[in-house]
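The values are calculated or read from the model by the stated rules, or taken from the named source; none is laboratory data. Since the model is a prediction, treat every value here as computed from it, not as a measurement. Using ideal geometry, Cβ is built from the backbone for each residue, glycine included, and neighbour counts are taken over all protein chains shown. Each accessible area value is taken on the protein alone, full model and side chains, heavy atoms only, with ligands, DNA and RNA left out. Shrake-Rupley method; radii C 1.70, N 1.55, O 1.52, S 1.80 Å.
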Amino acid sequence: MTWDWSAVADFMPRFWEGVLVTLQILVLGSLLSFTLGLVWALGLRSGSRFVRWPVGLVTEFVRNTPLLVQLFFLFFVLPEWGVQFSALTTGTIAIGLHYSTYTAQVYRAGIDAVPAGQWEAATALSLPAHRTWSAVILPQAVRRIAPALGNYVIAMLKDTPLLAGISVLEMLQQSRLESAATFQYTEPLTVVGIAFILIAYPASLLVRTLERRLAR
């Protein structure tokens with residue numbers, strides 16, 4: 001078997017379309033996971049058990065069930081209840097929701113690492129709760145957890161191929177469609193594999209650099 005460069009050239013239009021979809025899922029899914037993760041973390045720290053317990057149950061359930069099961073549930077089950085989204089929207093919501101339960105634990109660790117003196121200083125200055133969180137606690141917590149959040153972004157990138165299970169046209173699905181049309185599998189799948197490496201490896205180096213700088 002020889003490498004067919006013409007097959008690579010033919011795959012390029014589909015490939016770049018898949019790259020754009022993959023990056024769209026990654027960016028929007030990351031934003032959703034970071035935002036929801038903070039909401040979950042604050043809920044888990046609530047003084048009311050009527051907030052803390054339901055949030056704990058939801059996050060434990062989501063974190064301990066496979067992402068693929070959640071994708072299928074959102075895509076196939078919710079329409080039976082009158083709630084329907086496009087495959088791309090469903091996939092983005094699923095991956096953001098799934099990883100938000102992990103980022104919630106990262107936020108909790110970062111918040112817990114803020115020295116008690118910072119809380120006491122905010123209290124002594126009579127800062128309102130929202131000001132304490134926005135100006136004192138969260139900036140220090142996020143600085144500590146930024147590398148961990150970056151690692152979850154990379155993990156999300158590597159999980160985007162699961163969205164092919166609901167026909168989202170990300171990179172893997174595009175390679176499958178190309179292979180089904182041309183009966184050439186080596187070139188499309190190899191190109192997609194290399195693309196994941198070219199995106200994930202520099203991102204991992206960036207996370208390591210960020211971690212070293214924040215540790216100073």
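Looking at the structure I just gave you, is THR103 in a helix (DSSP H, G or I), more than 30 Å from VAL191 (Cα to Cα) and open to solvent by 60 Å² or more (accessible area, probe 1.4 Å)?
So THR103 fails the test.
Run down GLY96, GLY43 and say which single residue is at pLDDT 95 or above and open to solvent by less than 20 Å² (accessible area, probe 1.4 Å).
The match here is GLY96.
Taking the options LEU20, LEU57, LEU74, LEU78, name whichever one is open to solvent by 30 Å² or more (accessible area, probe 1.4 Å), more than 27 Å from GLU170 (Cβ to Cβ), aliphatic (A, V, I, L, M) and without any contact (Cβ under 8 Å) to a residue 40 or more places away in the chain.
LEU57
Just one of (1) free of Cβ contacts under 8 Å to residues at least 24 places away in the same chain; (2) open to solvent by 60 Å² or more (accessible area, probe 1.4 Å); (3) not acidic (Asp, Glu) trips up ARG108, so point out which.
The one condition ARG108 does not meet is (1).
For region 142-161, does any single residue satisfy the condition of being among the basic types (Lys, Arg), closer than 27 Å to PHE75 by Cα and in a helix (DSSP H, G or I)?
Checking region 142-161: at least one residue is among the basic types (Lys, Arg), closer than 27 Å to PHE75 by Cα and in a helix (DSSP H, G or I).
For every residue, the table says whether it meets (1) under 22 Å from THR160 (Cβ atoms); (2) in contact with a Ser or Thr (Cβ under 7 Å, 6 or more places away or on another chain); (3) in a helix (DSSP H, G or I).
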position	(1), (2), (3)
LEU36	yes, yes, yes
ALA41	no, no, yes
PHE50	no, no, yes
VAL62	yes, yes, yes
THR92	yes, no, yes
ARG108	no, no, yes
